[in-house]
Every structure is written in C-alpha cells, then in structure tokens.
1. Hey, could you check segment 141-167 for residues that are hydroxyl-bearing (Ser, Thr, Tyr) and in a helix (DSSP H, G or I) and say which is surrounded by the fewest Cβ atoms within 10 Å (Cβ to Cβ)?
2. Could you tell me which of the residues ALA199, ALA184 is within 18 Å of the chain's Cα centre (by Cα), of a type outside the set (S, T, N, Q) and under 30 Å from GLY130 (Cα atoms)?
3. Can you name the condition, by its number, that LEU189 falls short on among (1) in a helix (DSSP H, G or I); (2) surrounded by fewer than 17 Cβ atoms within 10 Å (Cβ to Cβ); (3) touching a helix residue (DSSP H, G or I) at 6+ places or on another chain (Cβ under 9 Å)?
4. Kindly indicate whether GLN167 is closer than 30 Å to THR106 by Cβ and polar (S, T, N, Q).
5. Which residue out of MET5, MET1 is surrounded by 13 or more Cβ atoms within 10 Å (Cβ to Cβ) and part of a loop (DSSP other than H, G, I, E, B)?
Amino acid sequence: MFSWMYDYPTWLVGGSFGLGAMALSLAGMFLVRPLFHKWIHGQDRTNEMVSLNIASFSVFYGILLGLVAVGVYANFQSTGDLIEREASTLSALYSDTNALPEPNRTQLLADLRAYAKETIEKDWPTQRKGLVPTGGTAIVMTFQKHLLAVHPTVKADEIAYAEAAGQFEKLVELRSNRLVKITAGIPDLLWTVLLIGAAFTVGIIWMLDMQINVHAILTAILSMFLGIVIFLVADMDKPFRGDVLATSDAYELVYNGLMQAR
C-alpha cells in the first residue's frame, strides 16, 4: 500500500507522515467543529460521553496497532537474524569446501566468491526496489553442479564433502527464506483497518467541546503521533526497502574477511 514511500529519504517520508496527518486533522477539526457544536453539544455532559467513547475506542485500536507494531518489529528482527545466519552458513560452507580435494576445490571456491559478490553488489540493490533477485540462484545451481562432480576417495575427503553438502543445503534454504521476505508484508486489508481506525480516533477527538487552542493542540499531538507510528510500521514492514534497514554487512564481512584473504 505504501510502496511509493521507499523511493524517498526516510526522514522526508517520516516527516511527511507526521506533519501531513497533523495538517489534515487540524483542517478537519476546524471544518467540523461548528457542526459538532450545533449537533451534539446542546445537551449536558456531552464531553463525558465523548471522553468515555474515546477511552473505549482507544483501548481496542491501541491493542490492534500495538500488536501490528510488535509483529512488524519481530519480523524485522528475524530478517536481520536470517541474514546473519545465511552469511555464517556461507562462511562455514567456504571453509568446508576449502578442505575438498583438487581440482574441484578451486572451482568451488571461485563459485562461492562469485555468489557472495553477486549477493552484495546485485541482490541488495535489486531487493531495495522490492524485486526478487535471480542472479544468485544461477550461481547456486552452478555450485551444486560442480559439487556433485566431486568424488572423494579417502575418508577425510568424504567427511569434508558431507559437511559441505550439509552447509550447502542450509544455505539454499536460508536464501529462499530471505527472498520470500522481500515481497512479504502486511495485507492491504489490515492496512485499511488501521487507517480507518486512525481516522476514527482523530474524528472522535473532534467531538470534544473545549477552547479552540486546547482542542487544536490535542488534535495535533494525537494525529502527529499516529502518523509517525503508522510510518514506523510501514517502514519496518519492508526491511529491504528504502534506506535499507537490513544491510549486507554480514555478507561483506565474510567476503572481505575470509574470501578475499585467500
């Protein structure tokens, strides 16, 4: 729903969400305030009834928004963990492959270096656009072909081959999990409910009867906070997009520290 926001700097989009929500809410307040005064403030204790409604509605909406925010943050954290596990698996695979016999070893190590470089230089820029990269998949298939061509003849080579094969399967699984997360996110239906709930929250505040300056301050604070929270949820919902939250640092550490050193 918010795919457009990732094409702009985070600070600009975050500020736009907060200030935009505040501006719309204040405009709405000044527009409907005279109507609400005419419609509902002709009877006593209207503010008490509105305040009770605000308290009840805020509890349900707060729980929903809080659960979504926690879920998105948990997904963001798991994405970071996934990247670290994928990079560490690549490191272990590289070490195990280095124990294989020649002439296969040199080719296999070259494949892994090419895969790491492809992931850093091509996968991450592609992921930032919300697209699933394919170049690394071709290199993985090439590595698998070369790995199957290895035929160990001594016990030590058989052990190294078994370890490398196990790490390779794990790497393929982790890579698949990462690619799935690129396009995953909060369903549009849930976004619709969250935005409607935010609009209702601000709309109920408009019904209060108080001095206009106090009314404007309360409306501005609430709407700006809602705008910032919704922006935060949208930004973390796509950890590979925008000013990339999930970086390739773990891969770069493996490539520069282990692969380039050999």
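The values are calculated or read from the model by the stated rules, or taken from the named source; none is laboratory data. For clarity, every value in this text was computed on a predicted model and none was experimentally measured. Backbone-built Cβ (ideal geometry, glycine too); neighbour counts: all protein chains shown.
1. Among those that are hydroxyl-bearing (Ser, Thr, Tyr) and in a helix (DSSP H, G or I), it is THR142.
2. ALA184
3. Going through (1) in a helix (DSSP H, G or I); (2) surrounded by fewer than 17 Cβ atoms within 10 Å (Cβ to Cβ); (3) touching a helix residue (DSSP H, G or I) at 6+ places or on another chain (Cβ under 9 Å) one by one, LEU189 breaks only (3).
4. Considered against the rule, which asks whether it is closer than 30 Å to THR106 by Cβ and polar (S, T, N, Q), GLN167 comes out as yes.
5. Numbers: MET5 fails: part of a loop (DSSP other than H, G, I, E, B).
Answer to the check: MET1.
Residues checked against (1) buried (at least 19 other Cβ atoms within 10 Å of the Cβ); (2) of a type in the set (Lys, Arg):
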position	(1), (2)
ASN177	no, no
LYS181	yes, yes
ALA199	no, no
MET207	yes, no
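Each row is one residue, and each column tells you yes or no for (1) basic (Lys, Arg); (2) in contact (Cβ under 8 Å) with a residue 40 or more places away in the chain; (3) crowded, with 18+ Cβ neighbours inside 10 Å.
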residue: ARG45; (1), (2), (3): yes, no, no
residue: PHE57; (1), (2), (3): no, yes, no
residue: TYR73; (1), (2), (3): no, yes, no
residue: SER78; (1), (2), (3): no, no, no
residue: LEU93; (1), (2), (3): no, yes, yes
residue: THR106; (1), (2), (3): no, no, no
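Table: residues versus (1) outside any helix (DSSP H, G or I); (2) within 30 Å of GLN260 (Cβ to Cβ); (3) in contact with a Cys (Cβ under 9 Å, 6 or more places away or on another chain).
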position: TYR73; (1), (2), (3): no, no, no
position: GLN77; (1), (2), (3): no, yes, no
position: ALA114; (1), (2), (3): no, yes, no
position: PRO133; (1), (2), (3): yes, yes, no
